[in-house]
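**Q** Just dropping this structure here.
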Amino acid sequence: MWRCVVLLSICCGLAAGQLGLGLFGDDLYSQHAACGPNEYFEQCTHDCPPEKTCETRKFNINCPAVVTPCIARCICKEGYYRKGPGGECISEEECGPACGEGEEYKDCTNPCIDESCDAMGSLIPNCTAPEPCEPGCACKEGFYKLYNFICVPKCYCRQLRDTPECKN
């Protein structure tokens, strides 16, 4: 009987040591206590997919099938996102509008500007905007909408693909 108790004690002690825990989990407790108000401690996370930030919260990232080593760290609670890499966890409302890849949020966008590759930022004919501008997402400078879907660098547009600027 005492052999079972000794073996169990040794096994539990080894397991705690391999997990980086003190005898009573002191290290785990101190790491957990260091998490922010909208975070919780996760013993095993992976680099991929990366934790979502305000800017990346709408992107879906496909990860390779290779399993990476575990990383113990604080992660944002459900419905909260990092305010930039390494920043605090804030609510989606605090993040502001989510823009797509190749887009950025602007306080003043003109809905009468055609951002497609075909139009290259020209005015939409007969467009009457309700106001001179409105807040929202727009393609970043030098980006245009490919098939009116995602903003891509201008050299992805067929009209510019073969220009000397884009061939370099």
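The values are calculated or read from the model by the stated rules, or taken from the named source; none is laboratory data. This is a predicted model, so every value here is computed, not measured. We place every Cβ from the backbone using ideal geometry, glycine too, and count neighbours over all the protein chains shown.
**Q** From Asn126, Asn168, Asn148, grab the single residue that is at positive phi and exposed (fewer than 11 other Cβ atoms within 10 Å of the Cβ).
**A** On the way: Asn168 fails: at positive phi; Asn148 fails: exposed (fewer than 11 other Cβ atoms within 10 Å of the Cβ).
None of the others qualify; the one that does is Asn126.
**Q** Which count do you get for residues in region 81-110 that are more than 27 Å from Ala34 (Cβ to Cβ) and not in a strand (DSSP E or B)?
**A** Final tally of qualifying residues: 8.
**Q** Kindly indicate whether any position in region 136-151 is modelled with pLDDT under 85 and outside any loop (DSSP other than H, G, I, E, B).
**A** Yes - at least one qualifying residue is present in region 136-151.
**Q** Output the number of residues of region 63-121 satisfying the condition of being surrounded by 16 or more Cβ atoms within 10 Å (Cβ to Cβ) and in contact with a helix residue (DSSP H, G or I) (Cβ under 7 Å, 6 or more places away or on another chain).
**A** The number of residues fulfilling the criteria is 1.
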